[in-house]
Amino acid sequence: MNSSFVDTLNFRHEVGLVEAQIAEWVESCDAEMRPEMRWQFISGSKYFRPLTIFSTYRSLVPDVPVPDWLIRCAVVIELFHNMTLVIDDILDKSTERRGRDTLHHKFGELDALMASGYMVAEGYRMLGSDVQAIHLFSELTKRLGVAECLQWRLRRQVLGVEDWRHIAAEDTGSMFEICACLADRSGRLRTFGGLVGLLYHGCDDVGDVRGTVALGGGGVEDLRDGILTLPAALAIRDPQVAALFSKEEPTQDDLQSLSHAFQEQLPQAEAYQIGRAHV
């Protein structure tokens, strides 16, 4: 957990409850699945999604403690988020995340795939009779599946920033959109949540290109696989960069040239993010 960030938002107690409930659930898992769950959740989380839920709720109800049903939703969003991480790591063929072996690299793809389904099944069980939350998580799961297929179908294609926005809005954007809707069941803050997710996705893209420890992962893999990140969408406006980006089997020199071209677009990518944040 990013303690300073959590303390600044004054949600240490709430995040502590989320952590405790996840730890308790992990230990209650079937013995066959428990090692995988311990491995997946032991490294912790930055809890951006639960914090989005809590912040949205507090913006509407400032003087009321976060209720138990919302803590439960925050736990479930973490389960669903980790499901997406497991799937992403398999697709990207990533061997490390957060400085440790990815789940499929340590336990194999079968165990990782079954673990991802186990998380989702448990999430729905936790929601119990909260029908509206069940509908929201069902919407999220469908949109994430569509976004993943869309992103992979459009690999190496010379597209623009608006195409990137569409993909990002359905990928990361949908997760934060649902976070806002879980906290505010009226749906009034759905657009707000989607914009937070879009900003997060763009910051992650920029962080990956910078070569820093980004909010998520996938910098090297995205470059190799021809994924349309924000810096890529800006860089491929140059026909020479576009030609390299669209190659089915780029060489190491091609990838280095692309990386350099993407780095040159970082100021424009950041300016785009700042501009959109004030829309």
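Hey, any idea what % of the chain's accessible area is carbon plus sulfur with a 1.4 Å probe? Using a 1.4 Å probe with all protein chains present, the chain comes out at 55 percent carbon and sulfur. The smallest convex shape that holds all Cα atoms of segment 230-270, its convex hull, gives 54 Å³ per residue. P(r) for segment 87-201, from all Cα pairs and a bin width of 5 Å, is 2, 11, 16, 18, 20, 17, 11, 4, 1, 0 %, short bins first.
Would you mind computing, in nm to one decimal, how far apart the modelled labels at Ala20 and Met114 are, each placed 7 Å from Cα along Cα→Cβ? Inter-label distance under the simple model: 3.3 nm.
Rolling a 1.4 Å sphere over the protein heavy atoms, what is the accessible area per residue of segment 102-217, to the nearest Å²?
46 Å²
Across segment 20-163, the convex hull enclosing all Cα atoms gives 143 Å³ per residue.
Between the helical axis of 252-264 and the longest alpha-carbon principal axis of the chain there is an angle of about 70 degrees. Against the main long axis of the alpha-carbon atoms of the chain, helix 161-170 sits at an angle near 20°.
For the chain, the longest principal axis of the C-alpha atoms and the axis of helix 190-210 are separated by about 50°. Segment 105-164 and segment 224-259 have Cα centres separated by 27 Å. Taking each residue as 0.36 nm, the span from Ser138 to Leu60 lengthens on full extension beyond its C-alpha to C-alpha distance by 25.6 nm.
Per residue of the chain, the DSSP helices (runs of n ≥ 4 H) give a summed -39500 (n - 2.57) that works out to -23500 deg cm²/dmol at 222 nm. Largest accessible area first, the listed residues Glu19, Glu249, Glu36 line up as Glu249, Glu19, Glu36 when surface is computed with a 1.4 Å probe on the assembled protein chains. Accessible surface area normalised per residue over segment 222-278 is 53 Å², counting heavy atoms of protein chains with a 1.4 Å rolling probe. Give me the Debye-computed log₁₀ of I(q)/I(0) at q = 0.11, 0.15, 0.19 Å⁻¹ for segment 125-264, equal point scatterers on Cα only, no solvent, two decimals. The calculated log intensity ratios at q = 0.11, 0.15, 0.19 Å⁻¹ are -0.45, -0.74, -1.04.
Compute the relative contact order of the chain as a whole-number percentage, counting only Cα pairs closer than 8 Å that sit 6 or more residues apart in sequence. Relative contact order comes out at 15 percent.
Net charge around Met33, counting only other residues with Cβ within less than 12 Å of its Cβ (Lys, Arg = +1; Asp, Glu = -1)?
Details: positive: Arg34, Arg38; negative: Glu27, Asp30, Glu32, Glu36, Asp111, Glu122.
Net of charged neighbours comes to -4.
If you wrap a convex hull around the alpha carbons of the chain, what volume per residue comes out, as a whole number of Å³? Walk me through the numbers before you get to the answer.
Details: hull volume 35.7 nm³, N = 279.
Taking only Cα atoms, the chain has a hull volume of 128 Å³ per residue.
The values are calculated or read from the model by the stated rules, or taken from the named source; none is laboratory data. Quick caveat, the model's predicted, so the values are computed rather than measured. Every residue, glycine as well, gets a Cβ built from its backbone with ideal geometry; the counts of neighbours run over all protein chains shown. Each accessible area value is taken on the protein alone, full model and side chains, heavy atoms only, with ligands, DNA and RNA left out. Shrake-Rupley method; radii C 1.70, N 1.55, O 1.52, S 1.80 Å.
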